[in-house]
Amino acid sequence: MAKKILLVHCSPRKGGNSSMLAVRFAEGAQAAGNEVVRVDVGRASIAGCLACEYCFTHDGQCIQQDDMQQFYPLLRECDVLVWATPMYFYNFPAQLRAFQDRMFCQIGKPFTIKSTALLLCFEDANEERAQPSVDSYRVCADYCKLENLGEVVVKSVYERGAIEGNPGLQQAYDLGASIS
């Protein structure tokens with residue numbers, strides 16, 4: 001049965017390496033018959049969660065009226081949530097963190113997400129440097145009771161297009177194609 005996949009790209013750089021991973025993942029997922037909606041939150045105006053708990057008493061609605069409002073309906077309809085992101089200063093970029101923080105409103109009205117995946121790329125040649133970010137992703141998936149469908153971690157890419165020819169692009173495609 002086809003899945004509804006929300007592919008959240010978190011880089012502010014257009015056409016960068018994480019974007020290329022996202023494209024390949026989407027191609028694989030669509031080839032497997034899935035519906036993929038990609039959102040680019042890297043340039044969106046999303047404030048962090050205020051912890052005001054407005055969403056608790058307002059059917060999961062957030063009091064803040066910013067770009068996040070356009071993403072809530074997608075989060076409420078998808079089966080799979082995929083993060084495509086670079087690593088900045090050995091962590092997830094602020095754009096991804098703001099998006100994740102604002103997902104707190106699902107306490108007021110749960111999302112339909114059942115599973116998740118991670119596409120991560122970064123400049124450092126030492127793959128172990130990405131482990132804290134990968135661990136954070138895994139802990140969050142576990143806490144939210146989401147099945148981890150897989151992770152593609154690509155090291156040693158910084159300049160736009162540096163990922164071209166990297167086996168990580170095929171891994172992203174294969175991960176997308178494995179979702180059914």
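Listed values, structure above:
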| read-out | value |
| --- | --- |
| Inter-residue pairs, beta-carbon under 8 Å, first in contact (Cβ under 8 Å) with a residue 12 or more places away in the chain and open to solvent by 40 Å² or more (accessible area, probe 1.4 Å) and in the stretch 8-32, second among the basic types (Lys, Arg) and in a loop (DSSP other than H, G, I, E, B), 6+ apart | Arg13/Arg160; Gly15/Arg160 |
| Test: Leu120 is part of a strand (DSSP E or B) and within 22 Å of Arg24 (Cβ to Cβ) | yes |
| Qualifying residue in the stretch 57-67 (condition: closer than 17 Å to Gly150 by Cα and open to solvent by less than 40 Å² (accessible area, probe 1.4 Å)) | no |
| Total residues in the stretch 101-130, condition loosely packed, with under 13 Cβ neighbours inside 10 Å and out of contact with any Cys (no Cβ under 7 Å at 6 or more places or on another chain) | 4 |
| Residues of the stretch 72-91 classified as surrounded by 14 or more Cβ atoms within 10 Å (Cβ to Cβ) and free of Cβ contacts under 8 Å to residues at least 40 places away in the same chain, total | 3 |
| Candidates Ala94, Ala98 - the one that is over 24 Å from Ala177 (Cα atoms), among the small types (Gly, Ala, Ser) and open to solvent by less than 20 Å² (accessible area, probe 1.4 Å) | Ala98 |
| Enumeration of residues in the stretch 34-69 that are in contact (Cβ under 8 Å) with a residue 12 or more places away in the chain and either in contact with a Ser or Thr (Cβ under 7 Å, 6 or more places away or on another chain) or among the polar types (S, T, N, Q) (or both) | Asn34, Gly42, Ser45, Thr57, Gln61, Gln64, Asp66, Asp67 |
| Which numbered condition Asp174 misses (of (1) within 27 Å of Gln30 (Cβ to Cβ); (2) under 14 Å from the mean Cα position of the chain (by Cα); (3) assigned to a helix (DSSP H, G or I); (4) among the acidic types (Asp, Glu)) | (2) |
| Qualifying position, being without any contact (Cβ under 8 Å) to a residue 60 or more places away in the chain and out of contact with any helix residue (DSSP H, G or I) (no Cβ under 8 Å at 6 or more places or on another chain), among Asn148, Asn166 | Asn166 |
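The values are calculated or read from the model by the stated rules, or taken from the named source; none is laboratory data. A quick note: this is a predicted structure, and the numbers were derived from the prediction, not measured. Every residue, glycine among them, receives a Cβ derived from its backbone with ideal geometry; neighbour counts consider all protein chains shown. Protein only, heavy atoms only, side chains kept; ligands, DNA and RNA dropped before computing areas. Shrake-Rupley method; radii C 1.70, N 1.55, O 1.52, S 1.80 Å.
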